[in-house]
Amino acid sequence: MFSELRRRNVFRVALTYAVVAWLLIEIASVFLPMVDAPQAIITAFVLLLALGFALALFISWSFEMTPEGLKRTQDLSPDQVIPYWSRRKFATFIIGVAVIAFGLSAYQLLVPKRAVTYSQTEPGSISAQSTAGSLSENASNPQPVERILRDLDTQWSEAAATKDLDGTLAYYSEDAIVLPPNATRAATKETIRKVWKDILATSGLVITWKSAKVKLGKSGEMAWVSGTYELTMNDPSGKPANDRGKYLEVWEKQSDGNWKCAADMWNSDLAGPAPAAAEQK
């Protein structure tokens, strides 16, 4: 069996396929994240190569390339010489491909990656420091941007729940704009502070929100977060009134690497009170 496998070049096909597949995987791992390709594409590519390996072994066992073309192995006589590359050419090809694949693998391990860490000096910020290029969401990044923004949004909700005014405002960028429901927009630090001061001073306030979707822009410099909120407050008669709704936030990566909310808007899912004129009819 060993001699027959060797005669049919099965070993050479297996080694060649394994080395070439290694090179293709390294190429995909380096270049696909540059175009924001999802990790699922790389996984599917690896599975496809694994299936192709079995197919390549089957073909190398069942067929042979002869001077007359591809023929079934069973149609060849056992003593017929099957052409193949010389050992020198084969070794040169394998070593060359392996060196390139190893180089790409070393590149991924040695080239500085963008390290994403929580900032310990400023609430509501995440610092992204690196000498590499733009941020990419892939398996080599220990903190994908989506996870970071979800965590930031959760911390923001917790700050509001504790009625920490300064902590809540710390999540906004310098030029942020807030679009509260049934009110004029707030486009300055003073007006944004007033919006949140009035909200947090509401009697009986209990407020929480949770992100449902995060979408990162192609540049890696901007993202938006959407989700739902729930709050309870006392109405004019002092009775608790519940509200629920949705919100949308636009986040921007600042020049210092921190993520800040640049635009914030929300509105209720519940129907508003009928206008006074309609109530009189």
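Structure values in brief
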{"read-out": "Residues that are open to solvent by 40 Å² or more (accessible area, probe 1.4 Å), of a type in the set (Gly, Ala, Ser) and under 19 Å from Thr154 (Cβ atoms), drawn from region 209-219", "value": "Ala212"}
{"read-out": "Arg7 vs. criteria more than 43 Å from the chain's Cα centre (by Cα), open to solvent by 40 Å² or more (accessible area, probe 1.4 Å) and at pLDDT below 80", "value": "yes"}
{"read-out": "Condition broken by Val214, with the remaining ones in (1) over 30 Å from Ile41 (Cβ atoms); (2) in contact (Cβ under 8 Å) with a residue 40 or more places away in the chain satisfied", "value": "(1)"}
{"read-out": "Test: residue in region 145-167 that is surrounded by 17 or more Cβ atoms within 10 Å (Cβ to Cβ) and modelled with pLDDT under 90", "value": "yes"}
{"read-out": "Any hit, region 237-248, residues being in contact with a helix residue (DSSP H, G or I) (Cβ under 7 Å, 6 or more places away or on another chain), modelled with pLDDT of 95 or more and not β-branched (Val, Ile, Thr)", "value": "no"}
{"read-out": "Single residue of region 24-68 satisfying the filter (surrounded by 13 or more Cβ atoms within 10 Å (Cβ to Cβ) and hydroxyl-bearing (Ser, Thr, Tyr)) that is modelled with the lowest pLDDT", "value": "Thr66"}
{"read-out": "Test result for Leu205, touching a Lys or Arg at 6+ places or on another chain (Cβ under 8 Å), of a type outside the set (Ser, Thr, Tyr) and either free of Cβ contacts under 8 Å to residues at least 40 places away in the same chain or open to solvent by 30 Å² or more (accessible area, probe 1.4 Å) (or both)", "value": "no"}
{"read-out": "Candidate set from region 236-255 (those that are of a type in the set (A, V, I, L, M, F, W, C) and free of Cβ contacts under 8 Å to residues at least 60 places away in the same chain); member that is farthest from Ser219 (Cα to Cα)", "value": "Ala241"}
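The values are calculated or read from the model by the stated rules, or taken from the named source; none is laboratory data. Values in this document were obtained by computation on a predicted structure and should not be read as measured data. We place every Cβ from the backbone using ideal geometry, glycine too, and count neighbours over all the protein chains shown. Ligands, DNA and RNA are excluded from the accessible area calculation, which covers all protein heavy atoms including side chains. Shrake-Rupley method; radii C 1.70, N 1.55, O 1.52, S 1.80 Å.
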